[in-house]
Amino acid sequence: MSSNSINMDTSVAPLRNVSALLGLVDRVLTRDDGLPGMATFYGPSGWGKSSAAIYTQNEFGALHVEVQPLWRSKQLLTGVANQLGLMLRKSASAADIYEHVAEGLTRTQRPLLIDEADRLIRDDMVEVVRGLYEASNVPIILIGEEDLPTKLQRWERVHGRMLTWVAAEPAELADVMQLARIYARGIEVEEPLAVAVLAGSKRSLRRVSSNLSEIKQLALTKGLQRVGLKEWGNRPFHNGDAPVPRQIEAMERARQQQAALRAIRG
């Protein structure tokens, strides 16, 4: 690795939601005997939960599974089995895979992070997760949206096994400056512009990253090493709002008027 390159894992480490998830996993791992070993990390989309999960996976040697939209119990179990490196027969039933996964979790005692856990709240998928916890006693962290804790109330046998609930936090200025090392690498982003990025991004880490990338593109286009409010000007930030619908008919009339003017002058 060259002296100018930046390791992504190292760069995201100080982000406060990374620290929050690391602390949560550590707390569940070191819990007293008899306490439940499941927990929930929740917050709005774009607040860096999945990035925190990837860093935590590497830090603790955890298993990390992201629940896909069309998954059911068998696909979920297969996803965990793949993380465990288990070889499964193509003809294996969901019950067979469940037994292999439970044995694998018991043997390795690696924490299990389940991302997009809101998708578990259908059919019996969330009960499958609870069963794996009961069978193996490994820490299981559910990661999902802001209302995940409320959704889990429907499943008392799962809800009651939560050691704690930790909320992801919105971005702060220190996060912006840290992410600038990744997404505006080699460019000095002045603090007033970083403050504007934070506000313009509505404190979403994902949108902060997108806006920092735009700042880098501006710097590359104009040959700048340092970008502040003056250089940014009145350019809009990515803030999550949908673009205002264009007035197509008015645009076409304006185009025709411009074409007519050019014809007269020509």
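Of all residues in region 108-166, exactly one satisfies the criterion of being of a type in the set (F, W, Y) and either part of a strand (DSSP E or B) or not assigned by TED's automatic domain parsing to the domain that holds N82 (or both), namely W165. From the residues in region 238-266 that are more than 29 Å from the chain's Cα centre (by Cα) and small (G, A, S), which one is modelled with the lowest pLDDT? Step by step, filter region 238-266, then rank; the result is G266. Of the residues that make up region 40-59, is at least one surrounded by fewer than 16 Cβ atoms within 10 Å (Cβ to Cβ), among the basic types (K, R) and not assigned by TED's automatic domain parsing to the domain that holds D241? No: region 40-59 contains no residue that is surrounded by fewer than 16 Cβ atoms within 10 Å (Cβ to Cβ), among the basic types (K, R) and not assigned by TED's automatic domain parsing to the domain that holds D241. Could you tell me whether region 85-101 includes any residue that is under 25 Å from G23 (Cα atoms) and in the same structural domain as T40 (by TED's automatic domain parsing)? Checked against the condition, which is being under 25 Å from G23 (Cα atoms) and in the same structural domain as T40 (by TED's automatic domain parsing), region 85-101 yields no hits at all.
Among the residues of region 145-198, those that are within 22 Å of E116 (Cβ to Cβ) and among the small types (G, A, S) comprise A167, A168, A171. Apart from one condition, E172 fits all of (1) in contact (Cβ under 8 Å) with a residue 60 or more places away in the chain; (2) of a type in the set (D, E); (3) crowded, with 16+ Cβ neighbours inside 10 Å; the exception is (3).
The values are calculated or read from the model by the stated rules, or taken from the named source; none is laboratory data. This one's a predicted model, so the numbers in the text were calculated from it and none came from an experiment. When we count neighbours, we look across all protein chains shown, and the Cβ atoms used for this are built from the backbone with ideal geometry, even at glycine.
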